[in-house]
Amino acid sequence: MNKGVLLLLFFFFLLEGSALQQLLPQAWGSPFVIVPLLVLSGVVSISMHIQDSFVLWIAFGFGLLYDIVYGPAIGITTFVMVCITLFTQWLTQSFSPETWLGACVMAMMQLTYLLLIYGLYQLFDFTRVPFSEALWYHILPSVLFNVLVAYLIYHIIYKISVRPLRQKGPHFD
């Protein structure tokens with residue numbers, strides 16, 4: 001795994017919590033709240049092409065970082081991010097994800113991630129937002145935004161990490 005990918009994911013983590021927040025609709029007073037998930041898009045992009053346990057450790061590390069910095073409890077985001085990574089690897093192990101198929105998998109993983117986070121927050125009473133409001137004003141706008149951004153992230157991750165591994169062949173030096 002390329003160290004550049006880890007640095008890129010950490011840059012995405014910093015970007016999500018800083019400059020990107022000023023560009024989203026909630027900063028302008030809109031009722032729509034978009035949750036940027038750039039790191040999740042990167043982790044899903046990696047796990048679509050690399051069936052390796054190191055990707056699970058990346059998901060665990062960034063999930064724990066999210067829990068420490070943003071979460072109301074340690075372990076919720078970590079658990080969901082590792083589950084999403086495992087599910088992506090399981091889903092894509094038997095076929096090669098082309099661009100359109102990768103976009104479908106990415107949209108499904110983004111939606112699953114946000115629904116699981118909402119469900120666990122509701123279970124542990126960290127949110128009191130009704131499901132219909134959360135779905136229409138938070139989850140669906142976030143999925144649409146993240147799928148559009150994930151297309152760019154998918155190609156960046158592919159060029160940095162996956163293409164060099166495929167060119168080397170089965171023998172990694």
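The values are calculated or read from the model by the stated rules, or taken from the named source; none is laboratory data. Predicted model, so just to flag it, every value in this text is computed and none were measured. Positions of Cβ are generated from backbone atoms using ideal geometry, with glycine treated the same way; all protein chains shown enter the neighbour counts.
Key figures
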{"item": "Leading residue by the ranking (surrounded by the most Cβ atoms within 10 Å (Cβ to Cβ)) among those in region 109-129 that are aliphatic (A, V, I, L, M) and within 11 Å of the chain's Cα centre (by Cα)", "result": "M109"}
{"item": "Some residue of region 54-72 being β-branched (V, I, T), in contact with an Asp or Glu (Cβ under 8 Å, 6 or more places away or on another chain) and farther than 22 Å from S161 by Cβ", "result": "no"}
{"item": "Those residues of region 141-161 which are in contact (Cβ under 8 Å) with a residue 24 or more places away in the chain and more than 13 Å from the chain's Cα centre (by Cα), in sequence order", "result": "P141, I156, Y158, I160, S161"}
{"item": "Qualifying residue in region 44-62 (condition: in contact with a Phe, Trp or Tyr (Cβ under 7 Å, 6 or more places away or on another chain), surrounded by 21 or more Cβ atoms within 10 Å (Cβ to Cβ), hydrophobic (A, V, I, L, M, F, W, C) and closer than 21 Å to L120 by Cβ)", "result": "yes"}
{"item": "Condition check for G71: closer than 28 Å to E133 by Cα, of a type in the set (G, A, S) and buried (at least 18 other Cβ atoms within 10 Å of the Cβ)", "result": "yes"}
{"item": "Only one of F87, F95 that is farther than 19 Å from H138 by Cα, of a type in the set (F, W, Y) and surrounded by 16 or more Cβ atoms within 10 Å (Cβ to Cβ)", "result": "F87"}
{"item": "Residue pairs meeting the criteria (Cβ under 8 Å; at least 6 apart or on separate chains; first under 21 Å from Y154 (Cβ atoms), in region 107-123; second polar (S, T, N, Q) and in a helix (DSSP H, G or I))", "result": "M109/T88; Q110/S41; Q110/S142; Q110/N146; L114/S142"}
{"item": "Lone qualifier among F87, F54, F79 - being part of a helix (DSSP H, G or I) and modelled with pLDDT of 95 or more", "result": "F79"}
{"item": "Cβ pairs under 6 Å, 6+ apart, first in region 35-63 and without any contact (Cβ under 8 Å) to a residue 40 or more places away in the chain, second surrounded by fewer than 19 Cβ atoms within 10 Å (Cβ to Cβ) and part of a helix (DSSP H, G or I)", "result": "V39/F13"}
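For (1) assigned to a loop (DSSP other than H, G, I, E, B); (2) among the β-branched types (V, I, T); (3) within 20 Å of I156 (Cβ to Cβ), each residue gets a yes or a no:
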residue	(1), (2), (3)
F12	no, no, yes
L15	no, no, yes
Q21	no, no, no
S30	yes, no, no
V33	yes, yes, no
P36	yes, no, yes
S41	no, no, yes
S47	no, no, yes
